[in-house]
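Pasting a structure here, questions to come.
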Amino acid sequence: MKIKSVTPFILHVPVTGGQIADSTHTVSNWGVVGAQIQTESGITGYGFTGTHAHLPSDQLITRCIETCHAPLLIGEDASDINRLWHKLARNPALQWVGRAGITTLAHAAIDVALWDIKAKAAAQPLWKLLGGQVRDKVRAYNTDIGWLSIPDAQLVAGAQRAVADGFTGIKIKVGSTVERDLRRLALVRQAIGPDVTLAIDGNGKWNLATCQRFCRAAEALDVYWFEEPLWYDDVKGHAQLARVTSIPVALGEQLYTTDAFAEFFAQQAIAWVQPDVTRMAGITEVLRVCDTAHSFRLPVAPHAGDMSQVHVHLAYAHPACEVLEYIPWIKDCFTEPADVVDGHFKLPQLPGAGTTPTASAWEKYRQVTA
Ligand code: 0YR
Ligand code: MG
């Protein structure tokens with residue numbers, strides 16, 4: 001399966017309601033920025049990272065794919081995923097300028113595309129190649145009802161609608177003011193009752209003192225996890241917060257490497273582990289984090305930079321993955337959307353990694369890559 005071509009692409013897909021915000025980001029489109037890899041045997045694979053659809057930085061990623069990664073891949077055997085992972089990650093010139101950031105996001109797209117090719121060549125959905133199904137169902141939790149930009153009444157209505165639709169888990173954003181966020185959390189808990197898991201996500205906005213104050217009051221509301229309470233890289237802060245609150249600390253969506261996760265494990269600063277195949281260098285690197293999490297008996301809840309198109313395969317196959325994020329922005333752009341029925345993700349059936357775009361999405365959302 002010789003690699004014949006590596007072609008970058010960018011799709012910008014509108015989010016629900018035209019615009020959403022968390023504590024640090026305002027987003028109108030989701031960026032699907034990736035690589036199409038063609039083999040001489042005729043199989044085409046797709047992989048992508050997830051961005052805020054900021055075209056200039058998206059084009060840094062596609063340029064890295066086109067001018068730095070493609071020359072390292074052309075002529076190689078696409079099925080040599082482990083060797084090619086190291087060839088890209090340990091390339092002396094690229095690790096000098098990268099190791100995290102643009103080069104890793106580009107690498108994520110490449111690694112996922114190679115897994116897509118491998119699964120298509122085997123005529124199997126990716127989860128079968130990852131060892132097969134370990135659970136009957138993957139529970140979904142809904143993030144799309146909980147943005148910070150949604151007014152209180154609409155937030156409550158959205159949470160109730162999600163529960164009526166069958167979701168047994170939701171997540172709402174925090175990180176505005178302690179008073180506003182506590183009010184909203186209490187309103188939602190009251191509206192959904194005690195049986196639905198309710199997580200919160202601060203997107204790294206607050207400091208330790210604010211988190212401690214918030215947690216003291218929030219503990220009574222049965223919070224499933226507090227995601228990214230503090231700045232992403234602050235290991236000792238998360239460790240300190242974890243020691244003083246009973247609310248489990250979740251993080252990982254902004255971490256690029258196994259080494260970054262290793263520090264959080266070592267300091268017992270993490271209770272829910274949230275790697276992302278679009279942030280780390282693909283499935284290959286995320287599997288390492290999932291295995292390590294499992295060795296500490298910590299649950300994994302992958303972050304959906306891919307809007308769960310790829311992670312649904314991982315979650316069906318890996319014993320550590322207990323629950324998976326649902327945000328429906330881009331699912332209809334793919335030949336097999338990551339759909340949720342009765343609060344659980346459907347088991348993918350088509351060969352591949354769930355990353356093949358439809359012809360209409362390709363036509364409608366395509367942006368120039370340079
Ligand atoms: C907006 N999920 C997240 C949105 C999401 C972000 O940037 O994508 O809130 O990535 O934190 O858990
Ligand atoms: Mg998050």
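Charges at C-beta only: +1 for Lys and Arg, -1 for Asp and Glu. How large is the resulting dipole of the chain about its Cα centre, in Debye rounded to 20?
For the chain, the charge dipole is close to 180 debye.
Related question: HN-Hα J couplings of the stretch 153-159 from phi, Karplus 6.51/-1.76/1.60, θ = phi - 60°, integer Hz, Gly and Pro as x?
Listing the rounded values in order: 5, 5, 4, 5, 4, x, 5 Hz.
What list of ³J(HN,Hα) couplings, whole Hz, do you get for the stretch 102-113 from phi and the Karplus terms 6.51, -1.76, 1.60, once you set θ to phi - 60° and write x for glycine and proline?
After applying 6.51 cos²θ - 1.76 cosθ + 1.60, I find 3, 5, 6, 4, 5, 5, 4, 4, 5, 4, 5, 5 Hz.
Taking amide hydrogens as modeled 1.01 Å from N in the peptide plane, which residues meet the under 5 Å criterion relative to residue 339, leaving out close sequence neighbours?
346
Using the Karplus curve 6.51 cos²θ - 1.76 cosθ + 1.60 with θ = phi - 60°, what ³J(HN,Hα) values do you get for each residue of the stretch 75-86, in whole Hz, with x for Gly and Pro?
With the stated coefficients, the stretch 75-86 comes to x, 7, 7, 4, 7, 7, 4, 5, 5, 5, 4, 5 Hz.
If you don't mind, there's one more thing I want to ask. Collect residues whose amide H, placed 1.01 Å from N in the peptide plane, falls under 5 Å from the amide H of residue 272; neighbours closer than 5 in sequence don't count.
Counting only residues 5 or more places away or on other chains, the set is 249, 250, 251.
What are the residues whose amide H is under 5 Å from the amide H of residue 124, where those residues sit 5 or more places off or on another chain and H is modelled from the backbone?
Those qualifying (amide H under 5 Å, at least 5 residues apart or on another chain) are 352.
Given the pairs 205/331; 331/364; 173/346; 87/120; 2/118, which span a C-alpha to C-alpha distance of over 18 angstrom in this model?
Too far apart for the 18 Å limit: 205/331; 173/346; 87/120.
Normalised by the residues of the stretch 187-284, what does the relative contact order come to in percent, with Cα pairs under 8 Å and at least six apart?
With pairs under 8 Å counted, the relative contact order is 24 percent.
Still on this structure, I have one more. How high is the relative contact order of the chain, given as a whole-number percent (alpha carbon pairs under 8 Å, six or more residues apart)?
Details: 858 pairs, mean separation 77.6, N = 370.
Worked out over the chain, it gives 21 percent.
Give a quick list of chymotrypsin sites (Phe, Trp or Tyr not before Pro) in the stretch 294-340 that DSSP marks as loop, anything other than H, G, I, E or B, with at most 15 other Cβ atoms within 10 Å.
Qualifying residues, ordered by number: 296.
Mind checking Rg over Rh on the chain, alpha carbons, Kirkwood formula for Rh?
0.96
Quick one: among 119, 266, 338, which has the greatest mean-square fluctuation in a GNM of the chain with alpha-carbon springs under 10 angstrom?
266
Can you give me the orientation-averaged projected area of the convex hull built on the Cα atoms of the stretch 196-250, in nm²? Spell out each step's value before the answer.
On the way: hull surface 13.0 nm².
For the Cα atoms of the stretch 196-250, the hull's average projected area reads 3.2 nm².
Read-outs: derived from the displayed coordinates by stated rules, not from any lab. None of the values given here were measured: they were computed from a predicted structure. Virtual Cβ from ideal backbone geometry, glycine too; neighbours counted across all protein chains shown.
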